[in-house]
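S.K.: Here you go, one structure.
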Amino acid sequence: MIVLFIFYPICAYTQGWTFEYSLGYGTYQLNDVKAMQDIILGSNGYGLKVTDRFPGYTTHTFALGYVTGYNHFGCNFSYLTTSGRLQRADYSGSYTVDMIMNGYRIGAFYRYYINTGVLPLRIYLQLSPGIMSSDLKMEEKVYIYSESAKESNTLNSTGIYIEPTIGITYHLTDWLRFSLSGGYEADFLGALKYSGQKTQANAHWNGLRLYTGFIFILPNRN
């Protein structure tokens, strides 16, 4: 009886609304966008050098869902960002070409929990499909002594993604869980458009995804 009382807060609330925030890290393929950077580099006669080439960076994910037993489902929103830079600078001034990529994911998720035999700890499998909206802002900046000039253009795209994930949760209290997970995002479609016209480049953010976060639960007390 005493053992059951100790573990009651962990086991009793298997149904309820959830809110989740995850801080993550992603690697980004973006092959077509990198090819655009290569074209600019090769066609420019100003001796530009690559200083940034769309490195992996942090992600932010928010999810609203409902958990019942071993099943957890809902909707989520993620923000991704990275950038590339070409630059040349000397005593007289500088010339910079920035390519800033932002991605906004809106999707659904289904998560299935698996008992580990250790009550506070659960493994889960998750599948998340949705829509990926991207924008690529290209900024060209020139500084020569006290003079400066700036020009910018933006390309947009809308595609779809799917992300399988495996993770673990640890029950801290009846209303709070810690989550750790990893997965892979695959993107489809997503042709970049300039002034409404399709280009040959796609915004594919394919890559590894790592997440850590907290799940807040509003339990149903039956």
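S.K.: Residues 146, 179, 152: which one is of a type in the set (Gly, Ala, Ser) and either within 19 Å of residue 65 (Cα to Cα) or surrounded by 17 or more Cβ atoms within 10 Å (Cβ to Cβ) (or both)?
M.R.: Every option except 179 fails the conditions.
S.K.: A follow-up question, please. Which numbered condition trips up residue 127, out of (1) out of contact with any strand residue (DSSP E or B) (no Cβ under 7 Å at 6 or more places or on another chain); (2) modelled with pLDDT of 95 or more?
M.R.: (1)
S.K.: Now a separate question. Being in contact with a helix residue (DSSP H, G or I) (Cβ under 6 Å, 6 or more places away or on another chain), assigned to a strand (DSSP E or B) and modelled with pLDDT of 95 or more is true for just one of 103, 107, 65, 84. Which residue is that?
M.R.: 84
S.K.: With 157, 148 as the choices, which residue is modelled with pLDDT under 95, within 22 Å of residue 99 (Cα to Cα) and of a type outside the set (A, V, I, L, M)?
M.R.: Result: 148 is the single residue among 157, 148 that is modelled with pLDDT under 95, within 22 Å of residue 99 (Cα to Cα) and of a type outside the set (A, V, I, L, M).
S.K.: May I ask you to say which residue of 134, 157, 128 is of a type in the set (Gly, Ala, Ser), in contact (Cβ under 8 Å) with a residue 60 or more places away in the chain and either surrounded by 15 or more Cβ atoms within 10 Å (Cβ to Cβ) or assigned to a loop (DSSP other than H, G, I, E, B) (or both)?
M.R.: Matching residue, one of 134, 157, 128: 134.
S.K.: Another question, if that's okay. State which residue pairs qualify: first residue more than 29 Å from residue 33 (Cα to Cα) and inside segment 69-94, second residue β-branched (Val, Ile, Thr) and not in a strand (DSSP E or B) in any location, beta carbons under 7 Å apart, and separation of 6 or more residues or different chains.
M.R.: Matching pairs, first to second residue: 69/14.
S.K.: Test each condition in (1) free of Cβ contacts under 8 Å to residues at least 60 places away in the same chain; (2) within 27 Å of residue 40 (Cβ to Cβ); (3) more than 16 Å from the chain's Cα centre (by Cα) for residue 190 and report the one that comes out false.
M.R.: It fails just one condition, (3).
S.K.: So, of the residues in segment 182-197 that are of a type in the set (Gly, Ala, Ser) and in contact with a Lys or Arg (Cβ under 9 Å, 6 or more places away or on another chain), which turns out to be surrounded by the fewest Cβ atoms within 10 Å (Cβ to Cβ)?
M.R.: Among those residues, the one meeting the criterion is 182.
The values are calculated or read from the model by the stated rules, or taken from the named source; none is laboratory data. All values derive from a computational prediction rather than experimental measurement. All Cβ positions, glycine included, derive from the backbone under ideal geometry; neighbour counts span all protein chains shown.
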